[in-house]
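The values are calculated or read from the model by the stated rules, or taken from the named source; none is laboratory data. All of these numbers come straight from a predicted model, not from anything done at the bench.
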Amino acid sequence: MAEPIPKVGMREFRAHLPQYVRATSPVAITRHGETIGYYVPARPTPQQAEREALKAAAARLDALFATHGLTEEELVAEFRRLREGERT
C-alpha cells in the first residue's frame, strides 16, 4: 500500500520552499486543515553524492587531458575518425 502524501500548512510551505523544491516526493498543502493543493516535483534532482562523484570524474578527465596534452576537440575528432573507420 502506498504511503500517504505528507501534509504541510501554507505558511510552513512558504517558509521552507527551498527544501520542498529539492524534494523528490509530493506534498499536500493545507490551509486551516483543508487541502488546497499539491506540490509535485517535476523531476528528481541528483543527490549530493551523485553531484560530487560527477565533479570528481570531471576533475580526473581534465587531469588526463592535461597529462596527455589533449583537448576535448582533439578527442572528439579522434573518436569521429575511428567511428568512421568502423563504418567503412
I need the full set of residues from the stretch 1-22 which are modelled with pLDDT under 85 and either of a type in the set (Gly, Ala, Ser) or assigned to a strand (DSSP E or B) (or both), in order please. 2
Hey, can you tell me all the residues within the stretch 30-68 that are assigned to a loop (DSSP other than H, G, I, E, B) and at pLDDT 90 or above? 32, 33, 40
